[in-house]
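The structure under discussion appears below in the form of structure tokens.
The values are calculated or read from the model by the stated rules, or taken from the named source; none is laboratory data. None of the values given here were measured: they were computed from a predicted structure. Heads up, the Cβs are rebuilt from the backbone with ideal geometry, glycines too, and the neighbour counts pull from every protein chain shown.
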Amino acid sequence: MRGVASAWTAGAGATTFLIVLSIRHDPFPIEAARDLLGLVRAVYAARVAEGADAVTLAKIAVVGIDLACALELGEAHGPGTLGHAAAWKRAERAATTAEDLVAITDGAEPIVRAAMGRVTK
């Protein structure tokens, strides 16, 4: 597996970030990423209904944005390309963050109700 490094500076006086992407040849899991995006959207809707604060909602939104970008990249770029590697990197980061957003003690009912409400409007 080859790695590709990318570096950039976020602005004057800002930190330089280095991201290493490993080229992957396995297919991008588009259906699984779509499923996770749907769940993240349902979590967001449930948190809005519960009156969550702006910081919590922003954290959930970032996960959704990462998944949406991953899907776009995964659909546009085939295995062995930099775009494909970026899709995997974003999806994996989003999945890890999504896990942190949902506490083990959360019941699924509010999330399912929020998802149903989005479909049955």
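Here are the numbers for this structure:
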| read-out | value |
| --- | --- |
| Residue list for region 50-71, filter: more than 19 Å from Lys89 (Cβ to Cβ) and either of a type in the set (Asp, Glu) or not in a helix (DSSP H, G or I) (or both) | Glu50, Gly51, Ala52, Asp53 |
| In region 44-66, the residues that are over 17 Å from Leu21 (Cα atoms) and under 10 Å from the mean Cα position of the chain (by Cα) | Ile60, Ala61, Val62, Val63, Gly64, Ile65 |
| Matching residues, region 90-103, being touching a helix residue (DSSP H, G or I) at 6+ places or on another chain (Cβ under 8 Å) and closer than 21 Å to Val20 by Cα | Arg90, Ala91, Arg93, Ala94, Ala95, Thr97 |
| Matching option when the condition is at pLDDT 70 or above and farther than 20 Å from Ala76 by Cα, among Ala54, Ala32, Ala14 | Ala54 |
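Here's the yes/no breakdown for (1) without any contact (Cβ under 8 Å) to a residue 24 or more places away in the chain; (2) in contact with a helix residue (DSSP H, G or I) (Cβ under 9 Å, 6 or more places away or on another chain); (3) farther than 25 Å from Gly107 by Cβ; (4) surrounded by fewer than 16 Cβ atoms within 10 Å (Cβ to Cβ):
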site	(1), (2), (3), (4)
Ala32	yes, yes, no, yes
Asp35	yes, no, no, yes
Gly38	no, yes, no, yes
Arg41	no, yes, no, no
Ala49	no, yes, no, yes
Ala54	yes, no, no, yes
Ala61	yes, yes, no, yes
Ile65	yes, yes, yes, yes
Gly78	yes, yes, yes, yes
